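Engineer: What follows is a single structure, and I will ask about it in a moment.
No value in this document is a laboratory result; all are computed from the given coordinates. Since this is a predicted model, take the numbers as computed values, not measurements. Here Cβ is always computed from backbone atoms with ideal geometry, including for glycine, and neighbour counts include all displayed protein chains.
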Amino acid sequence: MKTLKAFSALLNYPGQDLMAAIPEIRSVLAEEGVVDPESLEPLLRMLEETDVYDAQERYVMLFDRTRSLSLHLFEHVHGESRDRGQAMVDLKSVYEAAGFVIEGTELPDFVPLFLEYCSLLPTQEARAVLADPAHVMTVLGERLRKRESPYAVVFEALVALAATKPAPEVFEVIVPETEQDPADLAALDAAWEEEEVRFGPGAGADCGVDNLAAKLRQAKRPAPGLGAATVRRPKTRFTYASPRD
């Protein structure tokens, strides 16, 4: 589904290449007709008409410096718990079982990467896979709508495309939103401060790489709702080296 490829591009860090591709994205949306192209116009016009550096700053303030708007799916479900690591492993295994190999620095649950994977699946399969994180997409759309962001419509369209709508109870697992000014650098440093890492005797049973690896091996559950693909496809390599790195 080319529309999902277009959404993947729109949710990536904006650059000159994306802005130059806006006419092609319009064409794809109109050609497939699976979403209302007019609903995307505010975002498309914003990307066309805004200075690239202003667009990049806006993107960073929204998605990189506002934790409740993170574009990493498992951030909203597992937070900083160890379950997040196993969920990453499981999702990467889903990609690999389907013949898709990630090359680059982005994590498997990065929304643009996830959408690129979905875009290469048959339409009905893609819609079924989209249904699994639909609760996260719903919440992201609502949070962006509250901020009057034109990016909200992308998540609303993704929820509409999903094969099934999320049950009310699944929203209970979403990490609550904490209001925080992304311009408050001191507050951000405090929120993202990592716990002390201790080594040597007395470091504690929960510390160290070996223990983390053991914990990951113990966790056998699959990523929620995502099972390994049964049909292998030719390998497609995704290269996601963020321009921000």
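Engineer: Can you list, largest first and rounded to whole Å, the semi-axes you get for segment 1-139 by taking the square root of 5 times each eigenvalue of its Cα gyration tensor?
Structural biologist: Semi-axes (√(5λ), whole Å): 25, 20, 13.
Engineer: Moving to a separate point now. In percent, what relative contact order does segment 24-122 have, based on Cα pairs under 8 Å that are 6 or more apart in sequence?
Structural biologist: With pairs under 8 Å counted, the relative contact order is 18 percent.
Engineer: Cα centroids of segment 123-143 and segment 52-116: how far apart, whole angstrom?
Structural biologist: 14
Engineer: Moving on. Using R₀ = 22 Å, calculate the FRET efficiency as 1/(1 + (r/R₀)^6) where r is the Cβ-Cβ separation of residue 60 and residue 147; round to 0.05.
Structural biologist: For R0 = 22 Å, the calculated efficiency reads 0.95.
Engineer: I'd like to compare 22-34, 152-164: which one has the highest average count of other Cβ atoms within 10 Å, and what's the full order after that?
Structural biologist: So the order, starting with the most tightly packed, is 152-164, 22-34.
Engineer: Quick check on packing: order 120-130, 62-72 by the mean number of other C-beta atoms within 10 Å, highest mean leading.
Structural biologist: 62-72, 120-130
Engineer: Hey, another quick one. State the Kirkwood hydrodynamic radius of segment 51-128 in Å, one decimal place, computed from all pairs of distinct Cα atoms.
Structural biologist: Averaging 1/r across every pair of different Cα atoms and inverting gives 14.0 Å.
Engineer: Within 10 Å, count the other beta carbons around each residue, average over each peptide in 89-96, 2-9, and list them highest first.
Structural biologist: 2-9, 89-96
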